[in-house]
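The values are calculated or read from the model by the stated rules, or taken from the named source; none is laboratory data. Because the structure is a prediction, the values reported are computed rather than measured. Counting neighbours? That spans all protein chains shown, and the Cβs are built from the backbone with ideal geometry, glycine included. Ligands, DNA and RNA are excluded from the accessible area calculation, which covers all protein heavy atoms including side chains. Shrake-Rupley method; radii C 1.70, N 1.55, O 1.52, S 1.80 Å.
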Amino acid sequence: MKITANNPERKSWLDVDTDSDFPIQNIPFGVFLTKDDITTIGTRIGDYAIDLAALHQLGYFEGIPLTDDIFMQDTLNDFIADGRTTWRLVRNRIAEVFDEENDKLKNNAGHREIIIFKMSEIEMLLPVSIGDYTDFYSSKEHATNVGTMFRDPENALLPNWLHIPVGYHGRASSVVVSGTKIRRPLGQTLPQGASKPVFGPSKLVDFEVEMGFITTDANDLGKVIPIEEARTNIFGMVLLNDWSARDIQKWEYVPLGPFLAKSFATTISAWVVTLDALEPFRANGVIQDPKPMPYLQEDGLTTYDIRIETFIKPKKQQETLVSKTNFSYLYWSISQQLAHQTVNGCNVRSGDLYGSGTISGPDKNSYGSMLELTWKGTKPLVMSDGSERKFLHDGDTVIMRGFCQKDTFRIGFGECTGRIKKARKLELDH
């Protein structure tokens, strides 16, 4: 089925800034609360949120086999479970309805009043109910940097890293939507030179620049997803900040890996951008050496040219750009990640979230965490107000922005933001 929604020549009758992340070619999906306190599934064009439940009820999806309540949900899970044919039909129809040459909704003031909201009038919610969350470790530069810092340069990458997409099972319950404040976590740490751990707030809270992808119902338990079918089972992508407490992480991660250092919060952007919308921005992946095993081998354009910029904004100060990286730097692709996740027969469900792992590039300005940008705190970042940051302070807001850019248009993800709040006071019996 042709993806007519991607027509680069199409214009909308809604006003859209030329540098908007959300032109009519994007048509992402999300969940929002309207000014009338109604939760609905919607999309976005420019600075307008579009109520898809109202659009459906008023007959604009006629001819597409949709249940009456498909958009009257508080998550995207059921819509995602309908599969790629439905996603494409819906995106194509939305593009038609809002095309500048289509007067049906454009000239119906009564319908527009019910269907279209300004972004300032709505509240974005978490777009999916996340049953499972897997976080990968797929940037060779990031893994090498961390291995160099915590082991030694000669053994920075462990022997398995170039053969499998390394990952771990994250905490789905603490995934939150962009704009949610993040409480500084408490936990055990081992101070430099100490022989016994202490308990208290983490002093080394960090961000991690990632992308996330969301799957549909893809396979039954015991079945695998072949790599050539992986992409058809991925609904779309979001920006993802996998907050980390480095001092807690250092003490706890041996022998089993991340636990409390990661599970206190993970932030995702509110709008899910479909893989169909990203199709014009497919790109060549990193050359893999040694060649992966057959179940991980793929041909063609295996990744996407997604630029990601990260800013730190101290309280009541201007934001400072601290990192510019690109999704295409990742060593392992999303198809390889999903194929590997299921090669043992693990079943995948609608709404499952997969983090790419921290995305770091080849130079220090493209590193995807403060751990790397400040090289374990030895090279502090200077903010716009002259203050320095080794790691995040209370009141700091981390802002991630991601987008794809071509000469004719831009497809973006909006923002993924979170502000660090002071740790809770907790009295413990000793």
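Worth pointing out:
- Checking every one of the GluC sites (Glu not before Pro) in segment 17-100 against DSSP loop status and a limit of 14 other Cβ atoms within 10 Å picks out Glu62, Glu100.
- Shape call, segment 318-430: gyration tensor on alpha carbons, a/c limit 1.5: oblate
- Accessible area of the chain belonging to carbon and sulfur atoms, whole % at 1.4 Å probe: 49
- Given R0 = 22 Å, the distance between the Cβ atoms of Lys364 and Lys291 translates into a calculated FRET efficiency of 0.15.
- Shape of segment 234-359, Cα gyration tensor, a/c cut at 1.5: oblate
- In this structure segment 251-341 gives 45 Å² per residue of accessible area when probed at 1.4 Å with all protein chains present.
- Positive-end residue of Val205, Asn7, Gly179, charge dipole of the chain with Cβ unit charges: Val205
- Taking Cα atoms only, the orientation of helix 84-97 departs from the longest principal axis of the chain by about 60 degrees.
- Using a probe of 1.4 Å on the protein chains alone, the accessible area found for Cys346 is around 40 Å².
- For the chain, built as a Gaussian network whose Cα springs stay under 10 Å, the top-fluctuating residue of Val146, Val224, Val382: Val382
- Extension gain for the segment Val224 to Thr144, taken as residue separation times 0.36 nm less the Cα-Cα distance, is 25.8 nm to one decimal.
- Think of a 1.4 Å ball rolled over the protein heavy atoms: segment 39-146 then has 42 Å² of accessible area per residue.
- Projected label points at Thr18 and Leu58, each 7 Å from Cα along the beta carbon direction, are separated by 3.1 nanometres.
- Counting only residues at least eight positions apart within a chain, or on another chain, the lysines with an alpha carbon under 18 Å from that of Lys422 are Lys181, Lys203, Lys262, Lys313, Lys315, Lys316, Lys390.
- Rounded to the nearest whole Hz, the Karplus-based 3J(HN,Hα) values (6.51 cos²θ - 1.76 cosθ + 1.60, θ = phi - 60°) of segment 296-303 follow the sequence 10, 8, 9, 10, x, 7, 9, 9, with x at glycine and proline.
- Coil-residue trypsin sites (Lys or Arg not before Pro) of segment 268-342, DSSP, other Cβ within 10 Å capped at 10: Lys316
- Estimated FRET transfer efficiency when R0 is 30 angstrom, pair Gln73-Glu121 (beta carbons, to 0.05): 0.90
- Cα gyration tensor, segment 19-102 - rounded (a/c under 1.5), prolate or oblate: rounded
- Candidates Met400, Met149, Met124, ranked by Gaussian network fluctuation over the chain, Cα under 10 Å, top entry: Met149
- Ranked by solvent-accessible area (1.4 Å probe, protein heavy atoms only, all chains present), the residues Glu252, Glu154, Glu113, Glu415 order from largest to smallest as Glu154, Glu113, Glu415, Glu252.
- Residue-averaged [θ]222 nm for the chain, counting only DSSP H segments that reach four residues, each worth -39500 (n - 2.57): -4500 deg cm²/dmol
- 20 °C / 1.002 mPa s Stokes-Einstein diffusion coefficient of segment 170-318, Kirkwood radius on C-alpha pairs, µm²/s: 116
- Near-label residues of segment 1-32 by backbone N, under 19 Å of a point 7 Å along Cα→Cβ of Lys406: 1-12, 17-28
- Using a simple spin-label model with pseudo-atoms 7 Å out from Cα toward Cβ, Ser173 and Met1 lie 3.8 nm apart.
- Reachable lysines from Lys118, criterion Cα separation under 17 angstrom, eight or more residues apart if same chain: Lys35, Lys106
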